[in-house]
Amino acid sequence: MRLPFPRPAAIAGAVAALALGCAAAAPPEQPFRFSHKVHAGDARIGCTACHAYAERGPVAGVPSMARCQGCHKFVKEDKENPQLDQELKALRKVLDEGKPVAWARVHRVPDHVFFTHQRHVVTAALACRECHGEVEKMEVVRQVAPLTMGWCLQCHQLPKNRGRAPTDCWACHK
Ligand code: HEC
Ligand code: HEC
Ligand code: HEC
Ligand code: HEC
Ligand code: HEC
C-alpha cells in the first residue's frame, strides 16, 4: 500500500487516531463505484459543482443521479481506456434503470452536535481539504479528520479564530 505521507508521520497519525477513537476507520462499502480522483482530480470538476449545498446550507449534500446523467449523457465511453470504458457501461445501466443510488454515509457527527457547512465554507472561507483532506486524490472517499470535540476546538481556539469561532458548550450542542 502506498502511504500518502512519510512513515513516521503515518505511525504517529495512527497512534493519535487510536487515542482519539477511530479516525482511520475503513470507508464503508458503496453500492456503486464512484471515483473522486477521476472526477475532482483528473477531470477537474469543482467540489461544489456536485456538493452544491455546502455553500448554501447546513449539509453539503450528495448529488442526485440526475446530475450524473446531465454529464454522462455525453460522457458515455472511453475507447482509449478499456477499464474506464467498462465502468462507464456499468454506469449507463444504472442510469437507464433510473433508480436512485443509496450512497453509504462516510462522515457523521452525533445528533446532539450542531455543525453547518455554510458558516465554515462561506463565512470562514475554509477549503474542503482542511477538514476532508485531498479528496481529489482518493479513488474511494474516506474520513481523514477525527471529527471529535477536541478536533473542532483545536481550530476554534486558534488565535486567528478567537472571538469568531465559538467555544461555548451551547454553540455546538443542541
Ligand atoms: C461529479 C460529482 C462529484 C464531485 C465533483 C465531487 N464529489 Fe464528493 N461525492 C460525490 C458522490 C456521488 C459521493 C457519494 C459517494 C461516495 O461517498 O463516494 C460523494 C461523497 C463525498 C464525501 C463523503 C460524504 C459522506 O458521506 O460523508 C465527501 C467528504 C466529498 N464527497 C467531498 C468532496 C470534495 C472535497 C470534492 C472536491 C475536491 C468533491 N467531493 C467532488 C460526488 C462528487
Ligand atoms: C461534469 C461532468 C460529470 C458529472 C456531473 C459526473 N461525471 Fe462521471 N465522469 C465524468 C468524466 C469526464 C469521466 C472520465 C471519463 C474518461 O476519462 O473516460 C467520468 C467517469 C465516470 C465513471 C468511470 C470512472 C470511475 O469513476 O469509475 C463513473 C463510474 C462515473 N463517472 C460515475 C458518475 C456518477 C455516479 C456521477 C454522479 C454522482 C457522475 N459520474 C457525475 C464526468 C462527470
Ligand atoms: C470545518 C470543517 C469542514 C469543512 C471546511 C468542510 N466540511 Fe464537509 N463535513 C464536515 C463535518 C464535520 C461533516 C459531518 C457533518 C454531519 O454529520 O452533520 C461533513 C460532512 C460532509 C459531507 C456528507 C454529509 C453532508 O453534509 O452532506 C459531504 C458531502 C461534505 N462534508 C462535503 C464537503 C465539501 C464539498 C466541502 C467544501 C466545499 C466541505 N465538506 C467542507 C466538516 C467540514
Ligand atoms: C479548520 C477550522 C475549523 C474546524 C475544524 C471547525 N470549525 Fe467551526 N468554525 C470555524 C470558524 C473560523 C468559525 C467562525 C465562522 C464565522 O466567522 O462565522 C466557526 C464557526 C462555527 C460555529 C458557529 C457558526 C454556526 O454555524 O452557528 C459552530 C456551531 C461550529 N463552528 C461548529 C463546529 C463543529 C461542531 C466542528 C467539529 C465537528 C467545527 N466547528 C470544526 C472553524 C472551524
Ligand atoms: C466547537 C464545537 C464544540 C464545543 C464548543 C463543545 N463541544 Fe462537546 N462535542 C463536540 C463534538 C463534535 C462532539 C462529538 C464527538 C466527540 O464525542 O468527541 C462532542 C461531544 C460531547 C459530549 C459527548 C461525549 C459522548 O460520549 O457522547 C459531551 C458530554 C460534550 N461534548 C460536552 C461539552 C461541554 C460541557 C462543552 C462546553 C465546555 C462542549 N461540549 C463544547 C463539539 C463541541
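Every read-out reported here was derived from the displayed coordinates using simple, explicitly stated rules and does not represent laboratory data. Just so we're clear, the structure is a prediction, and the values are computed from it rather than from any experiment. Positions of Cβ are backbone-derived with ideal geometry, glycine not excepted, and every protein chain shown enters the neighbour counts.
Could you state the number of Å between the C-alpha centres of the range 130-159 and the range 41-67?
Comparing the Cα centres of the range 41-67 and the range 130-159, I get a distance of 18 Å.
Give, rounded to the nearest 20 debye, the magnitude of the charge dipole that the range 34-87 has about its Cα centre when Lys and Arg contribute +1 at Cβ and Asp and Glu contribute -1 at Cβ.
On the way: 7 positive and 7 negative charges, 52 e Å.
Result for the range 34-87 is approximately 260 debye, rounded to the nearest 20.
To the nearest 10 degrees, how steep is helix 7-20 against the longest Cα principal axis of the chain, on a 0 to 90 scale?
Once rounded, the angle reads 70 degrees.
Students often forget the sequence filter, so: which lysines lie under 19 Å Cα-Cα from LYS137 once same-chain residues fewer than 8 apart are removed?
Qualifying lysines at Cα under 19 Å: LYS37.
Taking amide H atoms as placed 1.01 Å from N in the peptide plane, list the residues 5 or more away in sequence, or in a different chain, whose amide H sits under 5 Å from that of VAL59.
HIS117
Dipole magnitude of the chain about its Cα centre, charges +1 at Lys/Arg Cβ and -1 at Asp/Glu Cβ only, in debye to the nearest 20?
Dipole size: approximately 260 debye.
Would you list, by chain and number, the lysines whose Cα falls below 20 Å from the Cα of LYS99, excluding same-chain residues fewer than 8 positions away?
Filter leaves LYS73, LYS76, LYS89.
Can you pull out the GluC sites (Glu not before Pro) in the range 100-174 whose DSSP state is coil and whose Cβ has at most 12 other Cβ atoms within 10 Å?
The qualifying sites are GLU139.
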